[in-house]
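Remarks on the structure that follows.
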Amino acid sequence: MKGEFEIMPADSGIEPLLEVRNLHMQFPIRRGAFRRTVGFVKAVNDVSFHIRQGETLSLVGESGCGKTTTGRCIARVYEPTSGQILYKAEEQDRIDLAELNNRDLRPFRREIRMIFQDPFSSLNPRLSILQIVELAATEDLFANPLHPYTEALLSAVPKPDPRLRNKGVRIRLEGEVADPSNPPSGCYFQPRCPYAEDRCRHEEPAVREIEKDRWVACHFAEELDLRGFEAIGQAMKR
Ligand code: SF4
């Protein structure tokens, strides 16, 4: 998972309840009789976001994409490799949870908890990708996705109406899932993206605010004509 996002403008004057800055979580890959470290899996790679009171942030992706690891870092089930987790407790200055030891964390464990809810667990695990690629208000994201991965995710959402289930408009991504310990050059998604062009193989797309409160990590976000959830549902009815 990778990305930097801001839901409300930084100059809104409202201090974030939770601010995650440049969070990294790497797990060692150990091999051989002596369990030597031969590499690292970057489960969370430079993720930043903040949440103010009254806001809800949803991290959407299938099992294995890094959502849970991000949550576990924030709840300090894991000790992050690096980064800050700034939490504003009531009537206190902000505290960096990433720096606290177990004893000092105890009062905050009552306030920050994980509730597991994974409606996408049935998605094809071949869709796995470890990046945050799009941030938008829920309605905008469903109606008008701007990243190819979001489009593929929406097309894979199970339809409750059994008459619509096998109509064959699900977008299947070809190729192997990228190895997070040896990621591809350029865009992480390029080996399986149906819209990839040469530029995608050489240049990593930056996370850009291409409309107000709309953040996307794709070189061609303004040009692609992607299908949203409604469009997919209508196509299935035909
Ligand atoms: S940058 Fe290229 S490969 Fe990456 S999502 Fe966009 S079109 Fe696909």
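For segment 134-236, which fully contained helices (runs of 4 or more DSSP H) count at least 3 residues that are modelled with pLDDT under 90 and more than 30 Å from Val41 (Cα to Cα)?
In segment 134-236, the matching helices (runs of 4 or more DSSP H) lie at 138-143.
Just need a number here: residues in segment 192-229 that are under 13 Å from His147 (Cβ atoms), away from the ligand (no atom under 11 Å from the Cβ) and among the hydrophobic types (A, V, I, L, M, F, W, C).
3
Is it true that some residue in segment 77-87 is in a loop (DSSP other than H, G, I, E, B) and surrounded by fewer than 16 Cβ atoms within 10 Å (Cβ to Cβ)?
Within segment 77-87, one or more residues are in a loop (DSSP other than H, G, I, E, B) and surrounded by fewer than 16 Cβ atoms within 10 Å (Cβ to Cβ).
The values are calculated or read from the model by the stated rules, or taken from the named source; none is laboratory data. None of the values given here were measured: they were computed from a predicted structure. Every residue, glycine as well, gets a Cβ built from its backbone with ideal geometry; the counts of neighbours run over all protein chains shown.
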